[in-house]
Structure formats: structure tokens, C-alpha cells
1. Could you give me the percent of Cα pairs per 5 Å distance bin for the range 372-444, shortest bin first, beginning at zero and ending with the bin that holds the maximum distance?
2. Starting from the Kirkwood Rh over alpha-carbon pairs, what translational D in µm² s⁻¹ does the range 311-391 have by Stokes-Einstein at 20 °C and 1.002 mPa s?
3. Which FRET efficiency value, to the nearest 0.05, is calculated for E109 and L356 with the Förster distance at 41 angstrom and r the Cβ-Cβ distance?
4. Using +1 at the C-beta of Lys and Arg and -1 at the C-beta of Asp and Glu, which of H353, A385, C305 has the Cα lying farthest in the positive direction of the dipole of the range 305-389?
5. Given a cut-off of under 8 Å on Cα pairs at least six residues apart, what relative contact order in percent is computed for the range 372-444?
6. What are the ³J(HN,Hα) values, in whole Hz, obtained from phi via the Karplus relation 6.51 cos²θ - 1.76 cosθ + 1.60 with θ = phi - 60°, for each residue of the range 332-345 in sequence order, with x given for Gly and Pro?
7. Extending each Cα 7 Å along its Cβ direction at L25 and T326, get the distance between those two points in nm, one decimal.
8. Sorted by mean Cβ packing within 10 Å, highest first, what order do the peptides 151-158, 401-408 take?
Amino acid sequence: MSGLPTVAVIGRPNVGKSTLVNRILGRREAIVEERPGVTRDRKELPADWAGRPFIVVDTGGWIPSGSGSSVLDDKVSRQSERAIEEADVALLVVDVRVGVTADDQRVAELMRRRAGPTFVMADMADGTSHEPAMWEFMQLGLGEPWPVSALHGRGSADLLDAIVADMAIVEPGDGPAEDDAEANAEARREDQMVAIAIVGRPNVGKSTLFNQLIGEDRSVVHDQSGTTRDSIDTVVDTEVGRIRFVDTAGMRRRSRIDVETEYYSMVRALQSIDTSDVALLVIDATQGVTHQDQRLAERVDAAGCPVVVILNKWELLDAEARTDATYQVSTKLRFLGDVPVLRISALSGKGVHRLLPELADTIVDYHRRVPTRDVNRIVRSAQAAHPAPDGARVLYATQGAIDPPTFTLFVNRALPRTYIRYLENRLRADLDMGSVPLKLRVRLRND
């Protein structure tokens, strides 16, 4: 997505920014609820209008510092301010029913300092009766406002036409040939990119680790559980290749989820797990492995992606507590197999440097393709050492897919589940696959 123009959607809380983002995308991607403060991080999403690709940036509500705002509000506002500075096109969303507020005027003052194009979108203009009120927003000094209903779509096409027309000024590229070559190169890089999801219970340090890994304060970090409401991703060029790090919302048991926003946050987090190549399971070492940590580990394991266990806040433990935390991982998470366990301090960055080398080995194994002769050699050796019951036998085996490595076993009759597990363990050990999950598919000879 690098090189595409960006459109930042800015405004005070609860004016319809995320609703507009969903309207632009044509799908429900941003979490929307009828109360302020739902969006907290910057979320960049690929969009397209009239054949013109761009990046739309959803931001949290901007609140002026010192006006009764909390530390968390200030952090969210700084994310919005950074989006204003970095965007090629900025879009200020205001509520036509409320009129110009003091916060609208203050954020408009920030946007007037921009060098690039800026639009004012008078939202909630559900009918022509609201249009006369929109002219009040001329006093913001950002040009003529656009009457739009983000919820119903009224006026959104005209606004997008104007935004795309102004992108011609800022969009990079000197010609079609150069653009095509760049697009093809970008597509190849996307295919080779590894997605790594950072998952865990609320308030265990996921966003702090995310910011350490990407090298900037991208996610809002605060000592309040549930700060991250959506999955935020950033692509980083590292010594092991391009990696997309995905910061997810903290996940709790369904019975503990009592608001719609948190439910959709959990859904986004689960989607991130299912589409990731590797999951970093972050555990608060000061609390040990909880029942919810076990449930999350089971969910990640079921998704079929490799797991790296992160024991965060390690610096706060004494020797006895460290021994106990290590023991809990080996017992309560033993179903994950021989997974890497890293002991770090996400806040100070201590130990984080060991993560990329560990990920490099895991990623190689996840994409590994094994020659058919080696697969059959291992299976024959396993059967010779321990034959299957009732005359069942693997006649032939081959690897059918990667990500994760998937093997198909052609058999003369059904194999017991325990024997399939035995063959999986032999393949893992002989191929030195470490913690990477393997999938075995069994096919009868007559299939």
C-alpha cells in the first residue's frame, strides 16, 4: 500500500467518522457505536473510488488537551494530529445538526496549517432541510462544506469525486509504465509478506509491544484495559523481510462481553488470527497463565498458525516467580508443543530484540516444502517402527500445501486418530519443524 495517497478522516468524538469510513469502503470495517470514544487508534485501510486506489485513515475523536480530557484522550488526539500532518488529503467531519462547536474550531485551526487539500464534510445532512445550516461551517476557514449523510450515503459520491480529483496533485508516479511496474513490484512484496498477530487478554502489554516492534507510537497505550478497539496493522521492513504486525484488541470470555463494541472488537481479533502467519500470544508474567490465556492459546492453535509465547513484564518478577511462570507455561500450555517462549519487557524494550530471529526460523518452517521422497521415507520408517492396528497402512504420502505444511496420506483403510497423531509427531521430529503446526489429511485409496 506504500506510495498510495492517503485520506485522513478527522473530527471531534461521535460525529460519524467511522460511519463515513465504512461508507467509503463499502463494507463495515470500522467499529461504529452511538457513543464517543469507540475509535482510539489510527486505522489505515485500502480503498478505491472510480478506479483510483488510495488509503483511508480512520482516527479517534480529537479533544483539545486540558479541556477535561484524560491522559488517554490526549494520546488519542495526538494520533489524530499525526494523521493530519501525514495525510495527502484531510477530511474534517462535523455534525450539521449541532453546528460549529469550540472543538470544531480548534481542530479546524490545526487543519488550516496543512499544505495539502482539506475538505469539510457536514454529516447528518439526511435531507435538504439540513443544507441551509451547513453554511455556518464556512467560518472554519476551510472552504465550502459538503452536505453528506454517511449513514445513508447521500452526497458521499459527490464528495469522493472531489477528493479523487484533488489526488491528481499529490499522487506519485511519472507515467503508466512506471505505475504498472511499481504496482507489480508491490504485489510481489505483498505475496512474500508475513502477517504476525499480537494477541492476548486485555491490558497485558500488546500495544506497547506493537509500538516497540514498529518503532513508533502507532497504537494508543494506556493502563486501562480495552484501549485497543480494532485490529491495527503496520508493515515494517526488517532484516528477515517485510512483516505486517497486527495489534489486536484484548479478548475476554464471551460471557464477560457486555457491549456491542467489545463484541465486534473480539470478532476483528479472531479474524486477524485466522489470516495471520504467526501469532504472538502475550501473557502478563506477573499474573501467570490464566484460564483465559489457555482458551486463547487453544483458539490460536486451532487456527493452524505457529505460536510464540511472550511473557511480558518479566522484569517485575523475582527468581521464585520467574520459575513459577516458566512452569505454568510448560504445564498449562503443553498442548501447544515445543513453542518458543520469550521473556521480555515491552515497556523498556528489554528482550524484544530476540523476537525477530525467533520469528525468522518459525516463518521458514511455516513456508517449508518437503520433497515427496522425504515424506514417504519418514512415513515408511514410522510404520516399520510402529504399525497401525487392524492392517491399516499408509500407501503413499505427499505434501499438498504450505502455510502451514499440509500432508495428504493415501491409506488402504481408516487410521485411528491416535495413529495420525503419531505420524504427525514423527514428521515434525524428523523434519525438525519445531512449533509449526502440521495438518494431515487422510484419503482412502478408492477416493
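1. Over the range 372-444, the share of Cα pairs per 5 Å bin runs 3, 17, 32, 30, 14, 4, 0 percent.
2. Numbers: Rh = 16.4 Å.
Using the Kirkwood radius from Cα pairs, D works out to 131 µm²/s.
3. Working: r = 42 Å, r/R0 = 1.02.
The pair E109/L356 has a calculated efficiency of 0.45.
4. Going by the Cα projections, it comes out as A385.
5. Working: 99 pairs, mean separation 24.4, N = 73.
Reported relative contact order: 33 percent.
6. 6, 10, 5, 5, 7, x, 7, 7, x, 10, 10, 10, 9, 10
7. Placing both labels 7 Å along Cα→Cβ, they lie 4.3 nm apart.
8. Numbers: 151-158: 14.9, 401-408: 17.0.
Ranked by mean Cβ neighbours within 10 Å, highest first: 401-408, 151-158.
Values in this text are rule-based calculations from the coordinates and carry no lab data. Bear in mind the structure is a predicted one, so any value in this text is a computation, not a measurement. Here the Cβ is made from the backbone with ideal geometry for all residues, glycine too, and neighbour counts use every protein chain on show.
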